[in-house]
1. Evaluate the following for Tyr146: is it in a loop (DSSP other than H, G, I, E, B), open to solvent by less than 40 Å² (accessible area, probe 1.4 Å) and over 20 Å from His62 (Cβ atoms)?
2. Can you tell me which residues in region 271-288 are touching a helix residue (DSSP H, G or I) at 6+ places or on another chain (Cβ under 8 Å) and surrounded by 18 or more Cβ atoms within 10 Å (Cβ to Cβ)?
3. Give region 111-130 a look and list any residue that's of a type in the set (A, V, I, L, M) and open to solvent by 20 Å² or more (accessible area, probe 1.4 Å), or say none.
4. Taking Lys75 as meeting all but one of (1) more than 30 Å from Ala267 (Cα to Cα); (2) open to solvent by 50 Å² or more (accessible area, probe 1.4 Å), write down the number of the exception.
5. For residues in region 155-175 being among the β-branched types (Val, Ile, Thr) and not in a helix (DSSP H, G or I), which is least open to solvent (accessible area, probe 1.4 Å)?
6. Would you check if Gly104 is among the small types (Gly, Ala, Ser), in contact with a Leu (Cβ under 7 Å, 6 or more places away or on another chain) and at positive phi?
7. When you go through Val58, Val81, Val96, Val42 one by one, which is the residue that is closer than 17 Å to Leu227 by Cα, surrounded by 22 or more Cβ atoms within 10 Å (Cβ to Cβ) and free of Cβ contacts under 8 Å to residues at least 40 places away in the same chain?
8. Kindly provide the set of residues from region 271-294 that are under 20 Å from the mean Cα position of the chain (by Cα) and closer than 23 Å to Leu28 by Cβ, ordered by number.
Amino acid sequence: MNVVMIIPTGIGCEIGGHCGDGNAPARLLGACCDNLVLHPNVVNASDLNEMPANALYVEGNHLDRFLQGKLFLQKVKSNRVLVVVNKADYQSINAVSAARATIGLDAEILELRVPLKLIARMENGVAGGEVLNWKELVAQVREREYDALGIATPITIDSDTLAAYWRHGGVNPVGGVEAIATRLIGEALDKPCAHGPVDYALTGFKEVVDPRIAVEIITENFIHCLLKGLHKAPRLSTTSGMSNRDVDCMVSPYGCFGAPHQACLDAGIPVIVVRENKSCLNHPEHPKFIYVENYLEAAGMIMAMRAGVHPTTVRRPLAQTVVRKA
């Protein structure tokens, strides 16, 4: 049983739209299947990443292409991770050293000749922004040998915008530009990749915040979560491995529709939509999607699929058997 779990970045999802608060639902769904394919936004959480052991950590562009049947996923025992930084300071060095010492990661740091610049902006209520010098990054890392790419660079954001998000919640203002950066770089390299911000702090901010945001306050860099994800991220192939034909269903937040949803419709993959996980988007309900109230019910739906039990047969009242006339 193979399940895909998506929580799009930068649209303010109630669950998983903050920093790593999709980890618990991911662990729940992971317990219901053999493999749980997810993208970094679902589980990245600063120094924390509690994705289940059967999770396959796949960048968003690669996940779209996997569902479209253009890429295959190959499981690995471990990857050699290259971590690129604008400057190798105490934060990045200590974070990589900690991952080497605790999870047995094979990793090294590369300083970029041309600094990568991410500028976060809110655009019509959705997080977005601008990515500068990503082509120079791609050209430089092509010179190196590695299996997965970690990107640990600052994000430029207005301090008032960040403080307002920490105090009041809403759409995470930096997630969108990170997704743009990894899509551009990941598509160019066709290797697993993920971004984590460094120097991500506000001087003097010492407040108790919404539990979903708390992990953003306890550290100044978001490197370890991506190193854990990339450690065993599946490699990408155009010829062999797990394909979209092996996917049994996809689980999505409510009200959003994009490339993964269309790919599932095209491939005949059932889509389970969780109504409780609303966002700032409001696409209409699709007649071919399966709607559930929460992730607990989504887990039950997956288990029913796994057992070959039609959902209507465990609900009451049980309708009369349909008889078709000749």
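The values are calculated or read from the model by the stated rules, or taken from the named source; none is laboratory data. Please read all numbers here as calculations on a predicted model, not as lab measurements. Using ideal geometry, Cβ is built from the backbone for each residue, glycine included, and neighbour counts are taken over all protein chains shown. Please note that ligands, DNA and RNA were not included when accessible areas were found on the heavy atoms of the full protein model with its side chains. Shrake-Rupley method; radii C 1.70, N 1.55, O 1.52, S 1.80 Å.
1. No: the conditions fail for Tyr146.
2. Passing the criteria: Val271, Ile272, Val274, Asn277.
3. Selection gives Val114, Ile119, Met122, Val126.
4. Against the list (1) more than 30 Å from Ala267 (Cα to Cα); (2) open to solvent by 50 Å² or more (accessible area, probe 1.4 Å), Lys75 comes up short only on (1).
5. Val174
6. No.
7. Result: Val42 is the single residue among Val58, Val81, Val96, Val42 that is closer than 17 Å to Leu227 by Cα, surrounded by 22 or more Cβ atoms within 10 Å (Cβ to Cβ) and free of Cβ contacts under 8 Å to residues at least 40 places away in the same chain.
8. Residues satisfying the conditions are Val271, Ile272, Val273, Val274, Arg275, Glu276, Asn277, Lys278, Ser279, Asn294.
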